[in-house]
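> Take a look at this one; I'll ask things after.
The values are calculated or read from the model by the stated rules, or taken from the named source; none is laboratory data. The structure presented is a predicted model; accordingly, all values stated were derived computationally and were not measured. Note that each Cβ is placed from the backbone with ideal geometry, even for glycine, and that neighbours are counted across all protein chains shown. Quick note on the areas: whole protein, heavy atoms, side chains included, nothing else; ligands and nucleic acids left out. Shrake-Rupley method; radii C 1.70, N 1.55, O 1.52, S 1.80 Å.
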Amino acid sequence: MIVRGIVERPSGSAPPAPPSLPKTSVTGFPQARHRSLASSKTDALARHGENDSSTRASSRLYEPATALDYTSIPSSGLDPAASDVTRREIEAENEARIQAMTAEEREQEAQELIERFGPGLVDIMRRRRDERQAATASTLESRPTPMTRSQTESSAPHGSGSLDRLAEIRAELPGVSVESHKLAWLQDPSPSDDKSIRFDLSGGVLTSEELQSLPTSHGLHHHGDSPELAGYTIQNILTLCRSSILGQRTKMLHLLGTIISRWKRCEEEAMTKTFTDAQVVQKAVDMAVEIVGNTPRAIGLTVAGIDLLCHCQMDNTSLDMDTRPTAQPVIAWELVLPGAQRLLAEDSGIPQASLDRLMNCLQFAAMQSSETAELICTILPEVVRYQVLARPWPINPKYPPSTQAIALVTGLIESARNCAVSIAQTDLPVSVLRFLIPSTWPDDSAPIICKEALQLLFSLARYGLGAEVVRTSMEIFDTLGMATRADPEASAIYFKLLAAWLTCAIDPHRTTPEHSLTWAQVSSMGWVDAALKYIGDSGPWTSSALEAALELIISWILGLAVNSPDKGVVEKRALAQTLRNLTLPIETEPILSRLVQLDLLLTVSDIDGILHPQRRQDLISRLDSTSPVALQYYLLYLGAAHSLIDKDEQASLMLRLFPRFSAGEEHLALDLLDELLKGDVSRSLDGQSHPDLEILRPLLQYAILPSADSVIGPSPPVHTYLKATTSLLRPATPGPGLPLPADWLFSPLGELLRSATSNALAQTPPDWNPSETEIVRAVLFLGQCQVQFGSPSRSQLLFNLMKVFMLENEQHSGTSDGDVFRDDVVSSRISALLLKIITPETSMDRNVNLESVSKAFLGDDTPFYQFYTDYLSLFEAISYSDTSFAQTIMAPLAMSYPTDYRRLLWLDHPPVPRIIHLKISQTPLEHGSFSDYLRPYEKDRDLLNAYAQQLARGWITRERNQLLWTIASSHLSHALWTEQDTNLLKSIGDTSGKTLADLAGVDVQLNGAISTISVNLEKRLDCIRRVCGDNVLAKVKALL
């Protein structure tokens, strides 16, 4: 410690008085005293102590006298008598110090002061002393009533006295440099036009009135931008989230998380723009990753980082789903996991609620991506050991096993097969069995961790993994079945697990490892009897629990068909009799799906199913497009099996059902495809020869299931898919495969166009060798069937027909002598399909066009304009004015498409319009109306000149090229007679009087009809006379 301000006194001075106890109040406590009444001497000495230790004595004597401006001290709260006493004490002390100095020292100090402050220092000090004495006397004479602190602050302008004093100092001491910019904060802030969104400390958005009216006591005013406005902007909050003050940083991290959470719930437009422009969410993620990954010692800061990460990643999104979550901010999980492992696998002092939130984040991330799941799986053993296995059971309420840790394991299993295999190879599946023993439960109901353990085992079983657990724990599951009857949620998971194990036992070669569970081991366990007893009991029931019990019975029947010598006829007969006598308390659509499936499975030999004939008829009558896919699927088979649906209706239902299948239902779609390709249901829909549809099987199967390396597990599981299943979660965004697009039956055409790189063609059997023409015939036949029932859209149909014309046999298979489109069967089918497109129709979606539907085939890198350029060149080269080929050229020439398409035809390929011999009745109406070619009017001057040139030179005529002539005439008439384009009029008049007469004498209606004009004819003729002269006018009149 450095002691400053010590001055040696003369030896003759009197010794200091001994200390004495301070006088106390009558209460025994020191009397409260406002800081404005504190001794000025103490303050002066404190400031004196901060000076450099080398400052000389005379400088120390001078500074207290000039630094303190006693007249500037507010009169309220200051006792003048006390101030005068203090000043006299300081003066006496200074005088004593001067007396102790020698003459040489005094002269040296005086010279330094003159050099520092100028020769007028003495006069300035005297003048200030006189002013101070006068001001003190005036204050004592007219002392006002004391004011409160708030009154004082509100009555005087902020900082005005300081700025006046600054001006005085500049005037009196011109040699002293004053850094005025450092005193700018003393000025009153100017009104701000800041329109930024501001938040309070609870994350709420402040209104414009609150920004101006909230008092400073709320803590919402700060020294950021626009300090006069209350609240914090997003930029303020992001900056304070990096504060070096721990409490401030923690508070702002929590605030930022709250704001992001509220924004995700409402997503207001103004806030969304602010968040997007400032990249708020990504910056918040980066801060959260830094905190969680580095695990700081401050527990509060770590908790704030975990909360912020959760708010950014998964707010308002449920994890109880079969679909991967949608894309979230990019999170560097490889940076998070080291810190997460330290937090979760050892005693970190973090509250368990925050640790559960962190595990919830990890589960959400695992469900987003298989790659992320495999990364998280590397830290799983230590986390599970500390969070679950090391915790006491039966449960200790103060130290319970983490249910969220079990849920994290389940999420990893559902996300990726590799994770499931790694987990199945550990002792975890066996270890969780202790949670399934009812005698260890804290009460009669199944605890949450029991349900999570059942869900974990069920997820493993859907891959054919972990089935061996049941062999050594049959007593546990027998007891568990009885204990869970009072809990419908636990019963549902219990029966789903048993059904999955029955599925694993159907074919022991499908499990991993093989023969981990056999049919002989499960057939005697009495699980079917338990399910039947549950259905027949008095409840309580839920739809999911009853559906799970029925799924178990279905799995048992499927196993009988494979593993019993007589396919289980005896057991099926007894089961059918039992089910007929049962009355289900709930009949939701999922339960109806299982009942119809049971009826189909039990309608064999002399067994007539479980449904009454009238009941079947009632169910078929309820069949519509809004029913669940599974119910429609089984009702379709039910109607066909009992001849309740005719062939045409079966074909209609089939074709409408295919696009409704989702990922994980490939087994249903492939079974339905087999029925479709048999040809029986679609034979009556076409009067021509029936093609061999079986040749399309490998190509259409590829459209449904493009890769055996990416198979979503069916639900309920199917034994043939156990080993092939790679994930249990459907993708967030549609990709190849299910769900199918509306034009999926045309997909073989795309494979033919990409024959050199087609995976579908590469996977076909060695003996598969149909010609291109045969494939196209079969595809167009199915296309006709599909179009008959309302799909695909006109744009999709047009683009697929364009693919047919792009097939040049010489460049592909070389199996025929000419182009495919010239085949008689192919040509007739194309003409039949085009009939749908040339028919007018209203109320069509104009957001769907060739540019949008072609992206699925062309991809994002190849625009449709490039495809159309090649297509137009091909038409010019090989079409020979083919009518159907020409019809497919027309749609991009509508006014709803960019001008580039019309310029491509009329300017870059001027010979092509001459060979388009189409009538108005043959016009393809992509959006149902001919007016799309006529409105809005053409504004491109080059195109109008091209129209005029084609008409004036006779390259396109009304008789030969009716469609193009009508379109060109409509746009030219508007330019000539409405826009008064004199240059264009003169150009046509100088070239062809006949063309000018045609344009002057007719009008084109919106439907393409031509009408003779009479009302405005004279005006048009007068315009021709003024622009082109009397000679041209005479020619026009002669031709009219």
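> For the list (1) within 37 Å of the chain's Cα centre (by Cα); (2) modelled with pLDDT of 90 or more; (3) open to solvent by 40 Å² or more (accessible area, probe 1.4 Å); (4) farther than 30 Å from residue 826 by Cα, I need the number of the one condition that residue 660 fails.
(4)
> Looking at 358, 343, 362, 375, can you tell me which residue is touching a residue at least 60 places away in the same chain (Cβ under 8 Å) and either in contact with a Ser or Thr (Cβ under 9 Å, 6 or more places away or on another chain) or closer than 23 Å to residue 452 by Cβ (or both)?
358
> Name the single residue, out of those in the stretch 345-377 being in a loop (DSSP other than H, G, I, E, B) and out of contact with any Phe, Trp or Tyr (no Cβ under 7 Å at 6 or more places or on another chain), that is farthest from residue 400 (Cα to Cα).
The selected residue is 369.
> Answer yes if at least one residue in the stretch 995-1005 is polar (S, T, N, Q) and either loosely packed, with under 12 Cβ neighbours inside 10 Å or over 18 Å from residue 965 (Cα atoms) (or both), and no otherwise.
No; the residues of the stretch 995-1005 include none that is polar (S, T, N, Q) and either loosely packed, with under 12 Cβ neighbours inside 10 Å or over 18 Å from residue 965 (Cα atoms) (or both).
For (1) over 27 Å from residue 382 (Cα atoms); (2) without any contact (Cβ under 8 Å) to a residue 40 or more places away in the chain; (3) open to solvent by 20 Å² or more (accessible area, probe 1.4 Å), each residue gets a yes or a no:
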| position | (1), (2), (3) |
| --- | --- |
| 425 | no, yes, yes |
| 459 | no, no, no |
| 479 | yes, no, yes |
| 496 | yes, no, yes |
| 503 | yes, no, no |
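> Sticking with this one: Please enumerate the residues belonging to the stretch 899-935 that are part of a loop (DSSP other than H, G, I, E, B) and among the charged types (D, E, K, R).
Within the stretch 899-935, 919, 926, 935 meet the criteria.
> A further question on this structure: Would you say residue 792 is farther than 30 Å from residue 508 by Cα, part of a loop (DSSP other than H, G, I, E, B) and touching a helix residue (DSSP H, G or I) at 6+ places or on another chain (Cβ under 8 Å)?
Taking the combined requirement at face value, the residue satisfies it.
> Every residue in the stretch 616-652 that is within 20 Å of residue 742 (Cβ to Cβ), among the hydrophobic types (A, V, I, L, M, F, W, C) and under 34 Å from the mean Cα position of the chain (by Cα), please.
Result: 629, single match.
> Would the stretch 959-972 turn up any residue that is touching a strand residue (DSSP E or B) at 6+ places or on another chain (Cβ under 8 Å) and under 20 Å from residue 1023 (Cα atoms)?
Yes, some residue in the stretch 959-972 is touching a strand residue (DSSP E or B) at 6+ places or on another chain (Cβ under 8 Å) and under 20 Å from residue 1023 (Cα atoms).
> I need the full set of residues from the stretch 828-870 which are of a type in the set (Phe, Trp, Tyr) and surrounded by 19 or more Cβ atoms within 10 Å (Cβ to Cβ), in order please.
Matches in the stretch 828-870: 857, 864, 867, 868.
> Right, something else. If you check residue 483 against the conditions, is it more than 19 Å from residue 413 (Cβ to Cβ) and open to solvent by less than 10 Å² (accessible area, probe 1.4 Å)?
Values: more than 19 Å from residue 413 (Cβ to Cβ): yes; open to solvent by less than 10 Å² (accessible area, probe 1.4 Å): no.
In short, no.
> Could I ask something else about it? Criterion first (touching a His at 6+ places or on another chain (Cβ under 7 Å) and either in the same structural domain as residue 876 (by the TED database) or touching a residue at least 24 places away in the same chain (Cβ under 8 Å) (or both)) does residue 945 satisfy it?
Criteria not met by residue 945.
> Has the stretch 341-353 got at least one residue that is open to solvent by 10 Å² or more (accessible area, probe 1.4 Å), acidic (Asp, Glu) and under 22 Å from the mean Cα position of the chain (by Cα)?
No, because not a single residue in the stretch 341-353 is open to solvent by 10 Å² or more (accessible area, probe 1.4 Å), acidic (Asp, Glu) and under 22 Å from the mean Cα position of the chain (by Cα).
> Looking at the stretch 229-241, I want the residues that are under 16 Å from residue 275 (Cα atoms) and have a partner that is open to solvent by 20 Å² or more (accessible area, probe 1.4 Å) and among the small types (Gly, Ala, Ser) with Cβ atoms under 6 Å, at least 6 apart or on another chain. Which pairs are those?
233/196; 236/224
> Quick one: in the stretch 550-608, of everything that is of a type in the set (Ser, Thr, Tyr) and out of contact with any Gly (no Cβ under 8 Å at 6 or more places or on another chain), which residue is most open to solvent (accessible area, probe 1.4 Å)?
583
> Same structure again: Looking at the stretch 503-526 only, could you name the residues that are in a helix (DSSP H, G or I), in contact with a Phe, Trp or Tyr (Cβ under 9 Å, 6 or more places away or on another chain) and either within 20 Å of residue 421 (Cα to Cα) or basic (Lys, Arg) (or both)?
Let us first name the residues in the stretch 503-526 that are in a helix (DSSP H, G or I), namely 503-506, 508-510, 519-522.
Then keep just the ones that are in contact with a Phe, Trp or Tyr (Cβ under 9 Å, 6 or more places away or on another chain); that gives 505-506, 508, 510, 522.
Answer for the stretch 503-526, where residues must be in a helix (DSSP H, G or I), in contact with a Phe, Trp or Tyr (Cβ under 9 Å, 6 or more places away or on another chain) and either within 20 Å of residue 421 (Cα to Cα) or basic (Lys, Arg) (or both): 505, 508, 510.
> Determine whether residue 297 is out of contact with any helix residue (DSSP H, G or I) (no Cβ under 9 Å at 6 or more places or on another chain), free of Cβ contacts under 8 Å to residues at least 60 places away in the same chain, among the charged types (D, E, K, R) and open to solvent by 10 Å² or more (accessible area, probe 1.4 Å).
Yes.
> Out of 935, 914, which single residue is basic (Lys, Arg), open to solvent by 10 Å² or more (accessible area, probe 1.4 Å) and without any contact (Cβ under 8 Å) to a residue 60 or more places away in the chain?
Result: 914 is the single residue among 935, 914 that is basic (Lys, Arg), open to solvent by 10 Å² or more (accessible area, probe 1.4 Å) and without any contact (Cβ under 8 Å) to a residue 60 or more places away in the chain.
> What do you reckon, is residue 947 open to solvent by 10 Å² or more (accessible area, probe 1.4 Å), more than 20 Å from residue 1022 (Cα to Cα) and hydroxyl-bearing (Ser, Thr, Tyr)?
The answer is no for residue 947.
> Going residue by residue through the stretch 236-255, is there one that turns out to be open to solvent by less than 40 Å² (accessible area, probe 1.4 Å), assigned to a loop (DSSP other than H, G, I, E, B) and touching a strand residue (DSSP E or B) at 6+ places or on another chain (Cβ under 6 Å)?
No, every residue in the stretch 236-255 fails to be open to solvent by less than 40 Å² (accessible area, probe 1.4 Å), assigned to a loop (DSSP other than H, G, I, E, B) and touching a strand residue (DSSP E or B) at 6+ places or on another chain (Cβ under 6 Å).
A quick yes/no check of all residues on (1) at pLDDT below 95; (2) farther than 19 Å from residue 853 by Cβ:
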position	(1), (2)
730	yes, yes
733	yes, no
736	yes, no
744	no, no
748	no, no
751	no, no
754	yes, no
788	yes, yes
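> Can you tell me which condition residue 378 does not meet? The list is (1) buried (at least 19 other Cβ atoms within 10 Å of the Cβ); (2) touching a Leu at 6+ places or on another chain (Cβ under 8 Å); (3) farther than 10 Å from residue 408 by Cβ, and all the others hold.
The number of the failed condition is (1).
> For the stretch 754-778, what are the residues that are in a helix (DSSP H, G or I), within 37 Å of the chain's Cα centre (by Cα) and surrounded by 16 or more Cβ atoms within 10 Å (Cβ to Cβ)? It would help to see each step written out before you state the result.
Looking only at the stretch 754-778, we keep the residues that are in a helix (DSSP H, G or I), and these are 759-762, 772-778.
Filter once more, so that each one left must be within 37 Å of the chain's Cα centre (by Cα): 759-762.
Scanning the stretch 754-778 gives 760, 761.
> Could I ask something else about it? Which one of the conditions (1) crowded, with 19+ Cβ neighbours inside 10 Å; (2) modelled with pLDDT under 95 does residue 799 fail to meet, given that it meets all the rest?
Result: residue 799 fails condition (2) only.
> Take the stretch 391-423 and flag every residue that is at pLDDT 95 or above, surrounded by fewer than 17 Cβ atoms within 10 Å (Cβ to Cβ) and among the aliphatic types (A, V, I, L, M).
The answer is 421, and nothing else.
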